[in-house]
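These notes concern the structure reproduced below.
The values are calculated or read from the model by the stated rules, or taken from the named source; none is laboratory data. All figures in this text were calculated on a predicted structure; none of them were measured in a lab. Ideal geometry is used to build each Cβ from the backbone, glycine not excepted, and the neighbour counts take in all protein chains shown. Areas reflect the complete protein model, heavy atoms only, side chains present, ligands, DNA and RNA absent. Shrake-Rupley method; radii C 1.70, N 1.55, O 1.52, S 1.80 Å.
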Amino acid sequence: MNSEELKKIQTPLKDKYREAPDSAVYTLKAKGKLGEGISCKLETGRALADAGLHPATGGNGMLACSGDLLLEALVACAGVTLGAVATSIGINIKEGFVRAEGDLDFRGTLGVSKEIPVGFKDIRLFFDLNSDADQEKIQTLLKLTERYCVVYQTIVSGTKIDTKIANSSAFV
């Protein structure tokens, strides 16, 4: 795809978002199921994921959106962490589900409005568990899962990212 093709796809979307700002807000979701031992099975339906544009930015919907992948990483990490913590503190989870959803306003991503930030506005993380643990133990489980989940902590801490770019003909 070249820049003209991309512009042709994105221009109507940008116009739509200017005229109806609420139409630029989408909720992305990810879901996983706690598995055997300390694992979490993501419902991605892909063994290998090819990433591409979200349909709200001109993608065709056939490729994984990076926002979906971020939520899936959060679900996977939180599920594995929760399983490890539950195991560590002696909570037996008979069955469990982890879900994440996040709101994006694509006017920021597409440069329609400089006032709209690029990225997730809100992310919600849900744990649905079947366990014999009392409420105090469940709250401890949640607190420790939040504390030790790498992806969760990376997101909430606003981790600094250093970027570098190399332009080399050696890759051609």
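Okay, here's what the table says:
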quantity	calculated
Dipole moment magnitude, nearest 20 debye, the chain about Cα centre, only Lys, Arg, Asp, Glu C-beta charged	300
Average Cα contact separation per residue, the chain, under 8 Å, 6 or more apart, as relative contact order %	23
For the chain, share of DSSP beta bridges that run antiparallel, in % to the nearest 5	90
Helical segments meeting 18 Å axial Cα length and Kyte-Doolittle 0.5 threshold in the chain (DSSP H)	66-89
Carbon plus sulfur fraction of accessible area for the chain, probe 1.4 Å, in percent	53
Spatially close lysines, pair count over the range 65-172: Cα under 29 Å, gap of eight or more or interchain	8
Lys, Arg +1 and Asp, Glu -1 on Cβ, resulting dipole of the range 126-167 about Cα centre, debye, nearest 20	360
Solvent-accessible heavy-atom area per residue, rounded to whole Å², over the chain at 1.4 Å	65
18 Å tail of the calculated P(r), the range 66-129, as % of Cα pairs	48
Residue-level accessible surface for I89, protein heavy atoms, 1.4 Å, Å²	50
Loop GluC sites (Glu not before Pro), the range 78-135 (other Cβ atoms within 10 Å of the site Cβ: 16 or fewer; DSSP)	E115
Helical contribution to [θ] at 222 nm, DSSP H n ≥ 4, -39,500 (n - 2.57), averaged over the chain, rounded to 500	-12500 deg cm²/dmol
Under the Debye formula (equal points on every Cα, no solvent term), log10 I(q)/I(0) of the range 74-172 at q = 0.13, 0.16, 0.18 Å⁻¹	-0.63, -0.79, -0.89
Coordinate range along principal axes, alpha carbons of the range 126-166, Å, largest first	54, 15, 12
Positive-pole candidate from I161, T87, S23, dipole of the chain, charges at beta carbon	I161
